[in-house]
Amino acid sequence: MLERPNPDYVRIFDTTLRDGEQSPGAALTSEEKLEVARALARLGVDVIEAGFPCASPDDFEAVKAIAESVGRDETPGRPSQEPPIICGLARCTEKDIQTAYDAVKGAKHPRIHTFLATSPIHREHKLRMTKEEVVARAQKMVSFARSLCDDIEFSPEDAGRTEPDFLYQVLETAIAAGARTLNIPDTVGYTIPEEFGALIAGIVSNVRGIENVTISVHCHNDLGMATANALAGIRAGARQAEVTINGIGERAGNTSLEEVVMALETRRPLFKLKTGIDTTQLVRTSKLVSQRTGMVVQPNKAIVGANAFAHESGIHQDGMLKNQETYEIMRPEAVGASNTLLVLGKHSGRHGFAARLRELGHALEGEALDHAFKRFKVLADKKKRITDADLDALASSETARGHEFFTLDAVQVTCGTNGMPTATVRLVGPDKQLITHAAVGTGPVHAVFRAIDEIVAAPSELLEYSINNVTEGIDALGHASVRVRAAQGDPRVNAQHGAGGSAIFNGHSAETDVVVASTKAYLNALNRLLAALGTHPRTSEQTPSHETSGAAE
Ligand code: KIV
Ligand code: ZN
C-alpha cells in the first residue's frame with residue numbers, strides 16, 4: 001500500500017469524517033461515523049481520513065473503532081480488495097501525532113496526516129513563528145511521526161497563499177524527514193484554477209525528491225472553484241485528491257468527491273486517468289451522508305442532486321427521446337441515480353430479503369433483521385414499487401435505532417384549516433408503562449414534538465428537522481431527520497460533556513406516513529441523547545397525574 005500507485009491512477013482521499021464533519025452542525029455520533037466509513041470503503045475510496053483524534057476523546061474513540069474494524073473485517077457489499085488506508089489528522093506537536101498514531105495503529109494500513117501553516121498571515125498572526133522555526137518544526141514533527149508509522153502525509157496549511165520558494169523549502173524538508181504524501185491545501189479557497197495548477201506545476205519542477213512522493217490536492221470552495229482547482233492540480237501532476245461526499249466541509253465546503261470522480265471518468269480521453277471508485281455507489285453514499293449529517297443536498301447539485309438527470313424543457317425532452325446523448329453526458333445508472341427495482345415482492349421470504357440487504361451493504365442480523373423484515377412486508381402492502389433506495393432507508397433506520405428508553409405505541413393528529421393542530425402521543429416508557437399526552441402546536445409535527453417533550457422530559461433543544469422523500473411518487477417513503485442538542489446547564493449534560501459542552505444527537509426514520517416518520521425520528525434522537533447521558537428522567541413513579549398510564553403488553 002505504501003508504494004506509489006500507477007502514474008495514471010488518482011488516489012481518492014476522503015475527508016468527509018474530518019474536514020466534512022467540521023461543517024457547522026454536521027457532527028456525527030461514533031456509530032454514524034462507523035456507518036459512513038463502511039459506506040466509503042464500499043465506494044472504493046483509497047484513504048479514509050477518519051477524524052482528528054486529539055480534538056476530543058469521542059473523536060479518538062471513533063477513529064480507533066474505524067481503524068480496528070473498517071477494512072479489518074469484511075465490509076458487506078464491498079468487493080474483496082485491499083482495505084483502505086485509515087488516516088488520523090494531527091497538528092505538528094508530539095502529543096497530537098502520538099494520539100493520532102494511537103488511534104489509527106489498529107488499521108491494516110494506518111496513516112498519520114500532520115499539518116503546519118506556512119503562509120505569511122498564518123505564520124505571523126496565528127503561529128507567531130519565523131520561517132526558520134516553521135521549517136525546524138516541520139522537520140522535527142515529520143521525523144517523529146515517521147518514527148511511529150511508515151505512511152506519513154504532510155500539509156503546509158494555507159499553501160495557496162504561501163510564498164512559492166518558502167513552500168518548496170518546507171516541502172523538501174518534509175520529504176527528507178520521511179513524508180510520503182505532500183498535500184497542498186488551498187485552505188481558504190482563494191486561488192483560481194490557472195493559479196492552483198501553476199502552484200502544483202511549480203512544486204513538480206522545483207522541489208527536490210518530489211518524484212519519490214505523491215502530491216495531493218485539498219481545495220476549499222469559498223469562490224466555488226474547489227473542483228476546478230483540484231482538477232487543475234491533477235492535470236499538473238497531483239495523484240491524490242482530498243474530497244468529501246456532497247462537498248461538505250468548513251464554510252463553503254471542500255471539493256466534492258462525486259464531481260472529481262465523474263469529471264475524471266466522463267472526460268477520460270482528456271485526463272487519461274482513473275480512480276478506484278465504484279461510481280454506481282455515488283448516489284447511495286451521498287444520501288447516507290446527507291441523512292446522517294442533516295445537510296440537505298441542493299436539487300441542482302452536480303452528479304447527486306435530485307434534478308441532476310431531470311429534463312424539463314420540451315426541446316430537451318424531444319432531443320432525449322431521439323438520442324440520449326443530445327443532452328446527457330453521463331448515464332444516471334453510472335452514478336446509481338436510477339432506482340433499481342427490487343425483484344423481491346410482498347411474497348418474498350426473509351432469506352431473499354436478508355441476501356439483498358447484504359448485497360447493498362447492510363449487515364442486519366437477529367432481532368434487527370426480523371424487525372426490518374416486518375417493516376418491509378408492511379411497506380410491500382402499501383407501496384407498488386419497492387426500490388433499493390427504500391431498502392436502504394429501512395435498513396438505515398434500523399441501524400439508527402440503538403437503545404430505546406421510549407418507543408412509540410400510537411400517534412394521532414388532527415390538523416387542517418379549522419381549529420388548532422393537535423397531537424395525541426402514546427409511548428411505552430422505560431419501565432414498560434404506557435404514557436399518553438396530548439398537545440397543540442403550530443402544525444401537526446410541532447404538536448407531536450411538544451407532546452413527546454412533555455412525556456420524555458429530556459434536557460434537549462431541537463436544532464433541525466427535515467423531511468425528504470426517499471423515492472419519487474405519492475406513495476414514497478418519507479425520511480425524517482431530526483437534530484437535537486443536550487441543553488447546556490443541565491447537571492447530567494455537564495457531567496458527561498463538561499459545563500458549556502454541547503452534545504448533538506441525530507435521529508432518523510423512514511415511513512410512508514410522514515407524521516409517524518417525524519415522531520419516530522424525534523424519539524430516536526431523544527433516546528440517543530438519554531443513552532449518552534446514561535440516564536432517563538422519567539420513571540413510572542414520576543408519571544404526572546394528568547396523563548393516562550397503564551402497562552404495555
Ligand atoms: O484546509 C486545510 O488546510 C486543511 C488541512 C488540515 C489539510 O484541512
Ligand atoms: Zn481543509
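The values are calculated or read from the model by the stated rules, or taken from the named source; none is laboratory data. Bear in mind the structure is a predicted one, so any value in this text is a computation, not a measurement. Backbone-built Cβ (ideal geometry, glycine too); neighbour counts: all protein chains shown. Heavy atoms of the whole protein, side chains included, go into the accessibility calculation; ligands, DNA and RNA do not. Shrake-Rupley method; radii C 1.70, N 1.55, O 1.52, S 1.80 Å.
Would you please report the Å³ per residue occupied by the convex hull of the alpha carbon atoms in segment 32-139?
Details: hull volume 11.7 nm³, N = 108.
Each residue corresponds to 109 Å³ of Cα convex hull volume.
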Once neighbouring chains are kept in place and the probe is 1.4 Å, which whole percent of the accessible area of the chain is contributed by carbon and sulfur?
52 percent
How many nm is it between the label spots at LYS105 and GLU195, if each spot is 7 Å from the Cα in line with the beta carbon?
4.2 nm
Taking the Cα-to-Cβ direction at GLN317 and at GLU133 and moving 7 Å from each Cα, how far apart do the two end points lie in nm?
6.6 nm
Collect residues whose amide H, placed 1.01 Å from N in the peptide plane, falls under 5 Å from the amide H of TYR9; neighbours closer than 5 in sequence don't count.
LYS274
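In what sequence, highest mean first, do 10-22, 95-107, 407-419 appear when ranked by Cβ atoms within 10 angstrom?
Details: 10-22: 26.0, 95-107: 21.8, 407-419: 13.5.
My ranking of the peptides, most packed first, is 10-22, 95-107, 407-419.
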Relative to the longest principal axis of the C-alpha atoms of the chain, give the angle of the C-alpha long axis of helix 57-69, reported between 0 and 90° and rounded to the nearest 10°.
80 degrees
Limiting things to C-alpha atoms, what are the Rg and the maximum Cα-Cα separation (Dmax) for segment 350-400, in angstroms?
9.9, 27
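Once Rh for segment 105-195 is found with the Kirkwood sum over Cα pairs, what is the Stokes-Einstein diffusion coefficient at 4 °C and 1.567 mPa s, in µm²/s? If you can, show how the numbers build up before the last one.
Values: Rh = 13.5 Å.
Estimated diffusion coefficient is 96 µm²/s.
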On a 1.4 Å probe surface of the protein chains, which of HIS125, HIS220 comes out largest in accessible area, and what is the full order?
HIS125, HIS220
Please compute the modelled spin-label separation between ALA355 and SER147, points set 7 Å along Cα→Cβ, answer in nm with one decimal.
5.6 nm
Residue by residue, what Karplus-based ³J(HN,Hα) values in Hz, rounded to whole numbers, does segment 202-210 have, using 6.51, -1.76 and 1.60 with θ = phi - 60° and x for Gly and Pro?
x, 5, 4, 7, 10, 9, 5, x, 4
Could you work out how much longer the chain between GLU211 and GLN324 gets when fully extended? Use 0.36 nm per residue separation minus the Cα distance between them, nm to one decimal.
36.4 nm
Would you pull out the residues with amide H under 5 Å of SER155's amide H, same chain only if 5 or more places away, H placed 1.01 Å from N?
THR114, PHE115, LEU116, ASN183
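Among the listed pairs LYS33/LYS272; LYS105/LYS140; LYS301/LYS383; LYS287/LYS382, give every one whose C-alpha distance is greater than 30 Å. Kindly include the intermediate steps, with their values, before the conclusion.
Details: LYS33/LYS272 34 Å; LYS105/LYS140 21 Å; LYS301/LYS383 28 Å; LYS287/LYS382 23 Å.
Over 30 Å Cα-Cα: LYS33/LYS272.
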Under the classification rounded if a/c is under 1.5, otherwise prolate if a/b is larger than b/c and oblate if not, where does segment 267-328 fall, given a ≥ b ≥ c as square roots of the Cα gyration tensor eigenvalues?
oblate
Using θ = phi - 60° and the Karplus form 6.51 cos²θ - 1.76 cosθ + 1.60, what ³J(HN,Hα) does each residue of segment 18-24 get, whole Hz, x for Gly and Pro?
10, 5, x, 6, 6, 4, x
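Using r as the Cβ-Cβ distance of HIS125 and ASP431, and R0 as 56 Å, what FRET efficiency do you calculate, to the nearest 0.05?
Working: r = 57 Å, r/R0 = 1.02.
Computed FRET efficiency for HIS125 and ASP431: 0.45.
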Order these peptides, 262-269, 389-396, by their mean beta-carbon neighbour count within 10 angstrom, highest first.
389-396, 262-269
For the Cα atoms of the chain, what angle does the longest principal axis make with the long axis of helix 366-382, in degrees from 0 to 90, nearest 10?
70 degrees
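Beta carbons within 10 angstrom, averaged per residue: use that to sort the peptides 398-406, 170-178, 346-354, highest first.
Numbers: 398-406: 18.7, 170-178: 20.4, 346-354: 13.7.
Taking the mean over residues of other Cβ atoms within 10 Å, the ranking is 170-178, 398-406, 346-354.
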Through the Karplus equation 6.51 cos²θ - 1.76 cosθ + 1.60, θ set to phi - 60°, convert the phi angles of segment 509-515 into ³J(HN,Hα) values in whole Hz; use x for Gly and Pro.
6, 10, 8, 6, 9, 5, 5
When the convex hull of the C-alpha atoms of the chain is computed, what volume per residue in Å³ does it have?
170 Å³
Cα pair distances in segment 102-261, grouped into 5 Å bins until the bin that holds the longest one, percent each:
2, 10, 19, 22, 21, 16, 9, 2, 0
Of all the C-alpha pairs in segment 11-293, what % are more than 32 Å from each other?
16 percent
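Helix-derived [θ] at 222 nm for the chain: sum -39500 (n - 2.57) over DSSP H runs of at least 4, divide by residue count, nearest 500? Present the calculation step by step, with values, prior to reporting the outcome.
Values: 17 runs with 208 residues, N = 553.
Counting only the DSSP helices, I get -11500 deg cm²/dmol.
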Spin-label zone in segment 234-258 - amide nitrogen under 19 Å from a point set 7 Å from the Cα of LEU223 along the C-beta vector
234-236, 250-256
Relative contact order (%) - criterion: Cα under 8 Å, at least six apart; region: the chain
11 percent
Which value, in Å² rounded to 10, gives the accessible area of LYS520 with a 1.4 Å probe and all protein chains present?
70 Å²
Show which aspartates and glutamates lie in cross-link reach of LYS432 when reach means a straight Cα distance below 19 angstrom and same-chain residues fewer than eight apart are skipped.
GLU367, GLU404, ASP409, ASP453, GLU454, GLU541, GLU547, GLU553
Built amide H within the under 5 Å cut-off of THR512, gap 5+:
GLY478
